[in-house]
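Structure, as structure tokens:
The values are calculated or read from the model by the stated rules, or taken from the named source; none is laboratory data. Computed from a predicted structure; not experimentally measured. Here the Cβ is made from the backbone with ideal geometry for all residues, glycine too, and neighbour counts use every protein chain on show.
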DNA sequence: TACTGATTTAGTACCAGGTTATAATAGCTG
DNA sequence: CAGCTATTATAACCTGGTACTAAATCAGTA
């Protein structure tokens, strides 16, 4: 039984499936939270096809994907129940103070000078200022910042944030952040952070917020 | 109907449940990957009790926990774009003005609210402010910024930078940046940018911070 | 034309890890 | 004893799948 014949012909019109596979991979990579059912809508094929595709491409099911992501992050996370932060939080006292560490890598510097781009240093400080606020929603309102000296490739930035006032205005908090490399202060910022002040914003998304 | 009488009595022997709650919280915090069934083994109570406990303590089920963790990590993994200018420069007149465009994507927002993280909006403005300075080295010295309204997923931010002063101080330039979504101003910042001003700042041997 | 084989769709049974609701039981306590 | 809480049991249902079988569709080719 001469089984082969597909190989001999260049198989020009075998594209549709390949294309779909590419699209599928891309879609899932872009949004790992997508279900097969949602994918059927996007790719216009049956759910079985989606599943066969995932099987062929060795893409695990939604739950496995989320579990893998959770595991990966769990390893590197020091059990903060928190928001997203640039830099590693090494200490955090909500509504009081916080410390994060951020090492300047290649991708953070101007390649020609090895000097860190300002917004990375800012991002560390900003996300720490947001993280230290103990509230459901915290957004930066204003910031007054000073880059005291430039930070270079390989340096470790230690940012220390202090919540200065929660008084009076309930919906705003003032946070001071100082970033050091060693003993030396390299950045200083005064942030005003909007906070939800105990209000509950329900997006119908993930949480089940109400439940009583 | 006075619902409370537990309060009146010191409730000395109400401990077992409280204790279990404490243990439960701790166990789940230590290992968020644990299932209810495994918890029954550890706490020696029925699975219903575990679930009632989680209900009371507002601890979501395993899958929700993993999803939350995955979301947190997914957000932070995609921190800041690593390269050069953030946003697309659509117009640039060195030492005068510049315009860049930056679309807020999934990776720029808090997943729960769809609101962009401040440092991305800042990053666009900052990198534009640096780009507009016609010098070998340009670094942010200070910035005074205001987030006028929050920017949301899908919105296109148009940042316009104007170089306000090169006078007097040769080594500093003042740059104003306004960021708009449509007609609406969403961010405003005053940047002071250090520039090499013909002088040669020897940083790691190479010059020119940016551009191209 | 009929056969072959890949692809796609459909349908069923089953699973984990739950939620929701309802009821029964145990244990104390006034 | 009634009345209460806490616990356990039972059953129906849900999501987002896996595993398997089978049928339908299309393309090529002998």
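The figures follow:
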item	result
Which listed residue, of B:92, B:139, B:153, is within 21 Å of residue A:125 (Cα to Cα) and in contact (Cβ under 8 Å) with a residue 24 or more places away in the chain	B:139
Tally, over the range B:46-68, of residues that are surrounded by 15 or more Cβ atoms within 10 Å (Cβ to Cβ) and at pLDDT below 90	1
Residues located in the range A:34-62, provided they are within 9 Å of DNA strand D (Cβ to nearest atom) and part of a loop (DSSP other than H, G, I, E, B)	A:34, A:35, A:59, A:60, A:61
Those residues of the range B:128-148 which are surrounded by fewer than 22 Cβ atoms within 10 Å (Cβ to Cβ) and facing chain A (nearest Cβ under 10 Å), in sequence order	B:136, B:141, B:142, B:144, B:146, B:148
Tabulated pairs, the range B:115-127, first at the interface with chain A (Cβ under 7 Å from one of its Cβ atoms) and touching a residue at least 40 places away in the same chain (Cβ under 8 Å), second part of a helix (DSSP H, G or I) and surrounded by 24 or more Cβ atoms within 10 Å (Cβ to Cβ), C-beta under 6 angstrom, 6+ apart or interchain	B:122/A:119; B:122/A:122; B:123/A:119; B:126/A:118; B:126/A:119
Leading residue by the ranking (modelled with the lowest pLDDT) among those in the range B:10-27 that are surrounded by 10 or more Cβ atoms within 10 Å (Cβ to Cβ) and within 10 Å of DNA strand C (Cβ to nearest atom)	B:11
Number of positions in the range B:28-41 that are surrounded by 13 or more Cβ atoms within 10 Å (Cβ to Cβ) and either touching a strand residue (DSSP E or B) at 6+ places or on another chain (Cβ under 9 Å) or more than 14 Å from chain A (Cβ to nearest Cβ) (or both)	4
Hits in the range B:31-48 (condition: without any contact (Cβ under 8 Å) to a residue 12 or more places away in the chain and at negative phi)	B:31, B:37, B:38, B:40, B:41, B:46, B:47, B:48
Some residue of the range B:69-78 being at pLDDT below 85, within 10 Å of chain A (Cβ to nearest Cβ) and either farther than 21 Å from residue B:111 by Cα or assigned to a loop (DSSP other than H, G, I, E, B) (or both)	yes
Among residues of the range A:81-94, those that are out of contact with any helix residue (DSSP H, G or I) (no Cβ under 6 Å at 6 or more places or on another chain) and either facing chain B (nearest Cβ under 9 Å) or modelled with pLDDT of 85 or more (or both), counted	1
